[in-house]
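Since the structure comes first, as structure tokens, the remarks are kept for the end.
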Amino acid sequence: MSVFKYEKDADGIVTVTMDMTGPVNAMNAEYDVAMNETVDKLEAEQGLTGVVFASAKSTFFAGGDLNMLLAVKEEETEEFFNGIVATKDRLRRLEKLPVPVVAAINGAALGGGFEICLSCNHRIALNSKAVQVGLPEVSLGLLPGGGGVVRMVNLLGLTDALPYLLEGKKVDAAKALKAGLVHETVESLDELVPRAKAWILENKDSEEAAQQPWDRKGFRIPGGNANSPKLAQTIMMAPAMLRQKTRGLLPAPEMILDAATEAARLGFDNAQMVEARNFAYLACKTPQAKNMITTFFFQLNQVNGGGNRPKDVEKSKVAKVGILGAGMMGQGIAYSSAMSGIEVVLKDISQEAADKGKAYSEKLLDKRIARGRMTEEKKADILGLITATADDADLQGCDLIIEAVFENMELKHKITKATEGYLADNGVWGSNTSTLPITQLAEGSSKPENFIGIHFFSPVDKMPLVEIICGEKTSDETLARAFDYVRQIKKTPIVVNDSLGFFTSRTFGTYIDEGIRLVQEGVHPIQVDNMGKAIGMPVGSLTVHDETSQQLSHKVISTQKDMGLFVEPADGDAMTEMVNWIYGEHNRGGRHHGGGYFDYAADGSKTVWQPLVEKYYKEDHGLEEQDMKDRLLFRSVVETLKCLQEGVLRSVADGNIGSIMGIGAPVWTGGYLQFINTYGAKKFVARCKELQAKYGNRFEPPAIVVEKAESGELFS
Ligand code: NAD
């Protein structure tokens, strides 16, 4: 029996129900066989009126086989190219059948799944949030190679197709209908296949209904082809604009733009060959695709799926959360919790401060309403979940209390003692500290086994990551419950062990530190920031320090020194020297404290603070660009390796996901550990040694990577 169930009814309509082995339908070897047999059979069918493609799974069709895409090697490029051509050929035969073919889209149809839909003459989708269509390949360093680029350009025109192709934009059924990606929607699943059949019967005598628009006589691409004067501007400007965005680090958008432009220039079948060639190049020859598939698909699923969650603890849900401190972080945590339907007690030292924290949620909800993404009733429901208070007693019965008061050990100890009694039996205490060791903070608790770090990132409503930190005494049950809460509020939890700065702050600090060292060695501050951006960091290291603030660094360093926790860095303490000078002597505490390395004008523009240049800049600093770039990148990679070696990181996936989602590691690397897999561990060790000889011991390759270089194993 084929995994594509084939049924012909009395009207001569064949329904092909895709029901592949495993939980989803996907483009793999099994698909190739099933689709081939199906198309053969359809072509040979007598008395055929039309065809419906449906799915027996809850999703319509998931897309490409990522295991295969990950495994394919450079020397297999030709074979891979031939495979793509065969896949395209099957879909081309499907759309050229002399009868109408209809896609009955019951659930997500993404990537290859949507390419099948695009090869059907008519697309009907269930009007449900579960239905999503789109071509997200670009987010995995790939392009839609099953004809997706060419068909989208022919369907929508180049200008309208580009956002779907270059940004991987996905839309639900209603938006897909509006955009012309599907032709109609139905309200219930039961209507879906019957409506598809009805459409076939209504259109069985129409020649057009059985033809794709691009195969009809006199077809013109919407908006014109590549020679159209209207498109000249787009075609001329798009590559430059794209380059500015990707900084040349991401080949997939470039290959997509190339294939899309060719689709508007060449005939349909020739353009398909360009698409196949570009896809083969990306999949077989670029490290970016391997990095992005590994991290953004497999490892993200591993992390979100509970790879780090103790297995034998039952799943839990938080019904009531207490948040102490309604400042920048507390108010964001309150919003994210209430948005997920959790009752929130938001407590600060005065009613006024607590109300101010709640007003933040109101502001964000109003923005949603203004964008048409929320109703007034829903807003009232969500705000109704948040109780702003100055009274500890309101915390009674919380399943979880998250403390987000000032970063001060004594204060945090004091409030833990004062309020942990309000927790429900076995309730969890979480601290949102960004720097203080969890084990020491837990000394303020009578139940250190129920104490854990739940480290959010700012702004909480936008940042998808949460770093969960286990102290020495944190129990498995507490970890599991903190993990479940983070998933409940739809964020991604990485789990790390206690260490100064945990994983994220510690690694992020090295990026800032290396930028400071470059300045101190005479590189111009603008160039330092540009080098950071050139490796793919979202923001230059000096600018980011201005944002996080020199004042905070000063405070953190002083606290660590007072507590005897400060570790003298290898190669001298550049950070303390800089912070003491710029903040201690010149009171430049950062962007929000009147300026830091830069001065900020009211319009958001910035200029370098001149004394910084006067003190350090040397025109003949003699540093090569590649060295500067590698220093900025390798510092963070080496620190991540140390975190893995020391057991701060519990898994490679956490290191990759945490570095990308928490601290802005360049996406092309797939995270700071995955970077080594495709750069090559041997080459990495050799380059570290060069940098060590030239610039200092902070580049010494940790033993864990030296071992990988010798064994040839990957970080996985
Ligand atoms: P903030 O200064 O904006 O807010 C702190 C709030 O705590 C203030 O509203 C203050 O009134 C309140 N507070 C003080 N004592 C209190 C008490 N006894 N009871 C109740 N409320 C009290 O600070 P923030 O930036 O929100 O940081 C809070 C915590 O989160 C700190 O531990 C910080 O290290 C950590 N953190 C901050 C960031 C960030 O980017 N700002 C990121 C991650 C973690």
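The values are calculated or read from the model by the stated rules, or taken from the named source; none is laboratory data. Keep in mind that what you see is a predicted model, and the values were worked out from it rather than measured. Neighbour counts run over all protein chains shown; Cβ positions are idealised from the backbone, glycine included. Each accessible area value is taken on the protein alone, full model and side chains, heavy atoms only, with ligands, DNA and RNA left out. Shrake-Rupley method; radii C 1.70, N 1.55, O 1.52, S 1.80 Å.
Distance between the pseudo-spin-label points of Lys217 and Glu377 (7 Å out from Cα toward the beta carbon): 5.4 nm. Counting only protein chain heavy atoms and rolling a 1.4 Å probe, the accessible areas of Glu477, Glu79 rank, largest first, as Glu79, Glu477.
Summary value for the chain: 9 percent relative contact order, contacts being C-alpha pairs under 8 angstrom separated by 6+ residues.
Rounded to the nearest 10 degrees, the inclination of helix 476-488 to the longest alpha-carbon principal axis of the chain is 50 degrees. Here the Karplus curve 6.51 cos²θ - 1.76 cosθ + 1.60, taken at θ = phi - 60°, turns the phi angles of the range 293-300 into couplings of 5, 4, 7, 7, 10, 5, 6, 5 Hz, with x standing for Gly and Pro. Beta bridges assigned by DSSP with both partners in the range 82-219 are antiparallel in approximately 25 percent of cases. Per-residue packing, averaged as other Cβ atoms within 10 Å, sorts the ranges 283-293, 4-14, 620-630, 530-540 into the order 283-293, 530-540, 4-14, 620-630, beginning with the highest.
Quick one: of the DSSP bridges fully inside the range 451-551, what percent are antiparallel, nearest 5? Please list the in-between numbers first.
Numbers: 5 of 11 bridges.
If I count the DSSP bridges inside the range 451-551, around 45 percent turn out antiparallel.
The lysines within cross-link reach of Lys694, meaning a Cα-to-Cα straight distance under 16 Å and a gap of 8 or more places when in the same chain, are Lys629.
Measuring only protein heavy atoms, the 1.4 Å probe finds Arg247 accessible over about 80 Å².
Taking the Cα centroid of the range 62-87 and of the range 507-583, what is the distance between the two, rounded to the nearest whole Å? Centre-to-centre distance over Cα atoms comes out at 44 Å. Over the residues of the chain, the helix contribution to mean residue ellipticity at 222 nm works out to -14500 deg cm²/dmol, using -39500 (n - 2.57) for each DSSP H run of at least 4.
Dividing the radius of gyration of the alpha carbons in the range 177-254 by their Kirkwood radius gives 1.17 for Rg/Rh. Annotation for the range 183-270: GluC sites (Glu not before Pro) lying in DSSP loop with at most 16 further Cβ atoms inside 10 Å of their Cβ are Glu187, Glu207. Counting only DSSP beta bridges with both residues in the chain, what percent are antiparallel, rounded to the nearest 5? Of all bridge pairs located within the chain, approximately 25 percent are antiparallel. Pairs of Lys residues in the range 1-139 are counted when their Cα atoms are under 30 angstrom apart and they lie 8 or more places apart or on different chains; the count is 18. In order along the range 445-453, the phi-based Karplus estimate (6.51 cos²θ - 1.76 cosθ + 1.60, θ = phi - 60°) of 3J(HN,Hα) comes to 10, 7, 10, x, 5, 9, 9, 8, x Hz; Gly and Pro are listed as x.
Suppose all protein chains stay in the model; what accessible area per residue would a 1.4 Å probe give for the chain, in Å²?
42
Sorted on the mean count of surrounding Cβ atoms within 10 Å across their residues, most packed first, peptides 394-400, 371-377, 121-127 read 121-127, 394-400, 371-377. Within the accessible area of the chain, the carbon and sulfur atoms contribute 51%, probe 1.4 Å, all protein chains present.
Once amide H atoms are built 1.01 Å from N in the peptide plane, which residues 5 or more positions from Gly589, or in another chain, come under 5 Å H to H? Sorted by chain and number, the residues that satisfy this are Gly595.
Note on Arg93: accessible area approximately 50 square angstrom, rounded to 10, probe 1.4 Å, nucleic acids and ligands left out. Helix 229-246: angle to the longest alpha-carbon principal axis of the chain, degrees 0 to 90, nearest 10? Value to nearest ten degrees: 40. Taking a straight Cα-Cα cut-off under 17 Å and skipping sequence neighbours fewer than 8 places away in the same chain, the aspartates and glutamates within cross-link reach of Lys363 are Glu352, Asp355, Glu376, Glu377, Asp381, Asp461. Within straight-line reach of Lys378, meaning a Cα separation under 15 Å, sit the following aspartates and glutamates at least 8 residues removed in sequence or on another chain: Glu343, Glu362, Asp366. 3J(HN,Hα) along the range 500-515, derived from phi through the Karplus expression 6.51 cos²θ - 1.76 cosθ + 1.60 where θ = phi - 60°, amounts to 4, x, 6, 8, 5, 5, 5, 6, 4, x, 5, 5, 5, 4, 5, x Hz, with x in place of Gly and Pro. Legend: distances between Cα atoms for Lys290/Lys473; Lys473/Lys561; Lys170/Lys462; Lys317/Lys367; Lys555/Lys642; pairs beyond 30 Å are Lys290/Lys473.
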